[in-house]
Every structure is written in C-alpha cells, then in structure tokens.
Amino acid sequence: MVTQNPHARPPFLTADVDGGRLRLRHAQRSDLPAIVGLLADDSLGAAREKGEDFAPYEEAFEAIDADPSHLLVVGDLLPAGEASGPVVATFQLSFLPGISRRGSWRSQIEGVRVAGSLRGQGIGNLMVRWAIDESRRRGCTVMQLTTHKTRTAAHKFYERLGFDASHEGMKLTL
C-alpha cells in the first residue's frame with residue numbers, strides 16, 4: 001500500500017496541551033523510527049525493540065496500514081503557530097469480531113507510549129479517551145488491553161480511565 005502524506009488524511013484529534021497542540025493522526029512509514037524509539041524508551045521495551053534492522057517494522061507497518069481493522073496512531077506535538085512537530089506518542093488500536101458476548105466486536109489497544117519528558121501532562125489520557133470513543137463509534141462493546149505486571153503506574157492510569165483488571169492475561173513467546 002502506498003503511504004500517504006500525513007496531511008492528506010484528516011487528524012483524528014487536536015487538543016491544546018502544555019508545550020503546544022497535540023495532533024493524533026494515522027502513522028506514516030516515516031514515523032517508524034520515532035515509534036520504535038517510544039516503544040524502546042523503558043527497560044522492558046529496550047530489551048524487545050531493536051532499531052538496527054527496520055525491515056520487520058516496515059513489514060508490520062504495511063500490514064497494519066493496509067487493514068482497516070487496525071490503526072497505528074501517532075501524536076505530534078505542534079509548537080504554537082507551527083504545522084508540524086515531533087512525534088511524542090503512539091498506540092495501536094485493533095478491532096476484533098467475536099462470537100462471545102452475542103457476537104460483539106471488541107477493541108484492543110496496545111503499545112500506548114508517551115515520550116518520557118511529557119508523561120503526566122494528559123497526553124495519554126487524551127489518546128486513550130479518543131480510542132474509547134472510536135471503539136464505541138465502531139460498535140465495540142468491550143475494550144481490552146494488556147500491560148506488564150511491573151508497570152504499576154500504567155495500571156493506576158488505566159484504572160483511572162475506568163478499566164478493570166478483571167482477567168489474568170497470559171502470553172506464549174513463539
């Protein structure tokens with residue numbers, strides 16, 4: 001799929017935040033270094049993300065970008081009066097059909113990251129609330145996520161947004 005100019009698609013959301021204006025938009029292939037940098041910006045991510053070979057990230061990007069059931073979103077911080085700024089946040093939102101819950105759709109949000117220097121300023125809150133609204137707009141009845149057991153600050157953040165730690169998640173590395 002040919003990646004479009006980030007300005008060709010309308011932004012999902014713009015909102016005033018400390019330091020400028022946050023713009024949530026579709027991620028572009030050129031955003032991959034910033035996205036990988038955000039994913040690697042903690043001890044867990046640093047062990048998982050390797051930026052030396054971008055081919056796997058580019059392949060994943062193309063698959064996500066080609067499928068309307070998946071959104072890879074970035075947040076730009078636009079300084080006052082500027083039309084562009086650095087990527088400071090990201091997340092992926094997927095929409096999954098299911099048989100359970102009377103055939104309802106669910107959304108899954110993952111890879112939620114905000115630049116370390118900007119955490120605690122409401123950017124994550126704006127992103128997740130937009131994702132919740134988009135999930136409702138698409139007819140989802142449940143939004144789910146996983147977060148590592150050691151990310152206690154993230155657990156508190158999601159609980160403040162109304163998420164309930166109702167299940168025990170498990171993963172099998174393949």
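With the structure loaded, tell me whether R106 is among the basic types (K, R), open to solvent by 40 Å² or more (accessible area, probe 1.4 Å) and either in contact (Cβ under 8 Å) with a residue 24 or more places away in the chain or within 21 Å of R23 (Cα to Cα) (or both) or whether it fails that test. The answer is yes for R106. Go through the residues of segment 121-133 one by one and say whether even a single one is of a type in the set (D, E) and under 11 Å from the mean Cα position of the chain (by Cα). The answer is no; no qualifying residue exists. Counting only residues that are of a type in the set (A, V, I, L, M, F, W, C) and surrounded by 13 or more Cβ atoms within 10 Å (Cβ to Cβ), which one in segment 144-160 is nearest to the chain's Cα centre (by Cα)? For segment 144-160, the residue satisfying everything is L145. Listed by first and then second residue, the pairs linking a residue in segment 47-65 that is exposed (fewer than 11 other Cβ atoms within 10 Å of the Cβ) to a residue that is at pLDDT below 95, with Cβ atoms under 9 Å apart and 6 or more places separating them unless they lie on different chains, are A47/A40; R48/L39; R48/A40; P56/K50. Does V114 satisfy the condition of being touching a residue at least 40 places away in the same chain (Cβ under 8 Å), over 18 Å from H155 (Cα atoms) and open to solvent by less than 30 Å² (accessible area, probe 1.4 Å)? The answer is no for V114. Filtering segment 66-78 down to residues that are small (G, A, S) and surrounded by 12 or more Cβ atoms within 10 Å (Cβ to Cβ), which residue is farthest from the chain's Cα centre (by Cα)? Step by step, filter segment 66-78, then rank; the result is S69. If you scan segment 79-103, which residues turn out to be of a type outside the set (S, T, N, Q), under 17 Å from A34 (Cβ atoms) and open to solvent by less than 20 Å² (accessible area, probe 1.4 Å)? Once the filter is applied, which keeps residues that are of a type outside the set (S, T, N, Q), under 17 Å from A34 (Cβ atoms) and open to solvent by less than 20 Å² (accessible area, probe 1.4 Å), segment 79-103 yields V88, A89, F91.
The values are calculated or read from the model by the stated rules, or taken from the named source; none is laboratory data. Since the structure is predicted, the reported quantities are computational estimates derived from the model, not experimental observations. Cβ: placed from backbone, ideal geometry, glycine included. Neighbour counts: every protein chain shown. Surface accessibility is based on the protein's heavy atoms, side chains included, excluding ligands, DNA and RNA. Shrake-Rupley method; radii C 1.70, N 1.55, O 1.52, S 1.80 Å.
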